[in-house]
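Each remark here refers to the structure printed beneath this line.
The values are calculated or read from the model by the stated rules, or taken from the named source; none is laboratory data. This is a predicted model, so every value here is computed, not measured. All Cβ positions, even for glycine, are placed from backbone atoms using ideal geometry, and neighbour counts span all protein chains on display.
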Amino acid sequence: MPVANLRRELRRIAALGVGSMLFMTFLLSVAAGAVFALRWLLAALACWSLVWWQAHHRLQQNHDIAQGTLLPSLGLANRVTLGRGLLIAATAGFLATPGVGSKPLLSYIPALLYTLAALGDALDGYIARRLQQVTRLGRELDMALDALGLLVAPLLAVFIGKLHGSYLLVSAAYYLFQQGLHWRRQQAKPVYSLPPSRLRRLLAGFQMGLVATVLWPPLPAELTRPVGVLFMVPVLAGFIRDWLHVSGRAGRDRDSSR
């Protein structure tokens, strides 16, 4: 019953996450009032539920990539990835708390939360390779949470005036790309494999670092807004390049996958 064991483990992690959020709600209620804390809790729980769903419907993919066997436990690497998801959910809670950017002390909390989530992006992959726990679940969950974080954190940065609204094009690009792939498969059109690219991963990591940095209160919006616009350009160009590859407009000599 490996999948049943994985579900039980995931439920325990979910419950631990809810407990952590309730504790933070208590702290926020003391610092900013009950209404502020309750708004934060509801938004954070909604995002945490999405993280749980992303993991739950992928549990069958908890296969050791090298051996192809279904692992009986999520493993340390996937637990760290879910911990990143909890940090992103906690960051998302501040989307429901208007005026957080004007509260000098509280505005440091989402900056710290997302910074820790961004740093964890390198940690979970390192642990997976070190402990030989590289799984398809881990890879797909990592990508899904990267995209979720690059939706939540830029939204918050835009709300508090630290990024220009156009930066949300970066957040939308991943989901539009995935929907485009789904549409091509539904239309029985070929979908070509992306060529290996270290630059693709570096750009994603850089964007997480950039968004985490601009959230910190000491950096003025007069600096962070133009910098964000400047550095979103290569990311959007990367998505366009990748779409040309997967749609066959570039590199047509590769095999397609459906």
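Filter the range 166-206 down to the residues that are in contact with an Asp or Glu (Cβ under 9 Å, 6 or more places away or on another chain) and closer than 27 Å to Leu119 by Cβ and list them by number.
Within the range 166-206, Tyr174, Phe177, Leu194, Ser197, Arg200, Ala204, Gly205 meet the criteria.
Take the range 22-49 and flag every residue that is closer than 23 Å to Gly75 by Cα and either crowded, with 17+ Cβ neighbours inside 10 Å or touching a Cys at 6+ places or on another chain (Cβ under 6 Å) (or both).
Our first condition is that a residue be closer than 23 Å to Gly75 by Cα; within the range 22-49, this holds for 47-49.
Answer for the range 22-49, where residues must be closer than 23 Å to Gly75 by Cα and either crowded, with 17+ Cβ neighbours inside 10 Å or touching a Cys at 6+ places or on another chain (Cβ under 6 Å) (or both): Cys47, Trp48.
Filter the range 70-127 for residues that are part of a helix (DSSP H, G or I) and β-branched (Val, Ile, Thr); which is farthest from Leu202 (Cα to Cα)? Can you show your working first?
Here is the first cut: in the range 70-127, the residues part of a helix (DSSP H, G or I) are 75-96, 100-102, 108-127.
Next, only the ones that are β-branched (Val, Ile, Thr) stay: 80-81, 88, 91, 100, 109, 115, 127.
On the way: Val80: 20, Thr81: 18, Ile88: 20, Thr91: 23, Val100: 31, Ile109: 26, Thr115: 17, Ile127: 19 Å.
Across the range 70-127, the extreme among qualifying residues is Val100.
Please find, among Leu86, Leu70, Leu112, Leu82, the residue that is at pLDDT below 95 and under 26 Å from Asp142 (Cβ atoms).
Just a single option satisfies the conditions, and that option is Leu70.
Of the residues that sit in the range 124-145 and are surrounded by fewer than 15 Cβ atoms within 10 Å (Cβ to Cβ) and closer than 25 Å to Met21 by Cβ, which one is nearest to the chain's Cα centre (by Cα)?
It comes out as Met143.
Looking at the structure I just gave you, is Arg84 touching an Asp or Glu at 6+ places or on another chain (Cβ under 9 Å) and crowded, with 20+ Cβ neighbours inside 10 Å?
Yes, satisfied.
Each row is one residue, and each column tells you yes or no for (1) in a helix (DSSP H, G or I); (2) on the phi > 0 side of the Ramachandran plot; (3) more than 21 Å from the chain's Cα centre (by Cα); (4) exposed (fewer than 15 other Cβ atoms within 10 Å of the Cβ).
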{"position": "Arg201", "(1), (2), (3), (4)": "yes, no, no, yes"}
{"position": "Gly205", "(1), (2), (3), (4)": "yes, no, no, yes"}
{"position": "Gly209", "(1), (2), (3), (4)": "yes, no, no, yes"}
{"position": "Thr213", "(1), (2), (3), (4)": "yes, no, no, no"}
{"position": "Leu219", "(1), (2), (3), (4)": "no, no, yes, yes"}
{"position": "Pro226", "(1), (2), (3), (4)": "yes, no, yes, yes"}
{"position": "Leu236", "(1), (2), (3), (4)": "yes, no, no, yes"}
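Suppose the filter is touching a strand residue (DSSP E or B) at 6+ places or on another chain (Cβ under 8 Å) and either part of a helix (DSSP H, G or I) or closer than 24 Å to Lys103 by Cα (or both); does Leu137 pass it?
Working: touching a strand residue (DSSP E or B) at 6+ places or on another chain (Cβ under 8 Å): yes; either part of a helix (DSSP H, G or I) or closer than 24 Å to Lys103 by Cα (or both): yes.
Spelling it out, Leu137 is indeed touching a strand residue (DSSP E or B) at 6+ places or on another chain (Cβ under 8 Å) and either part of a helix (DSSP H, G or I) or closer than 24 Å to Lys103 by Cα (or both).
Can you report the number of residues in the range 147-176 which are part of a helix (DSSP H, G or I), buried (at least 22 other Cβ atoms within 10 Å of the Cβ) and not hydroxyl-bearing (Ser, Thr, Tyr)?
9
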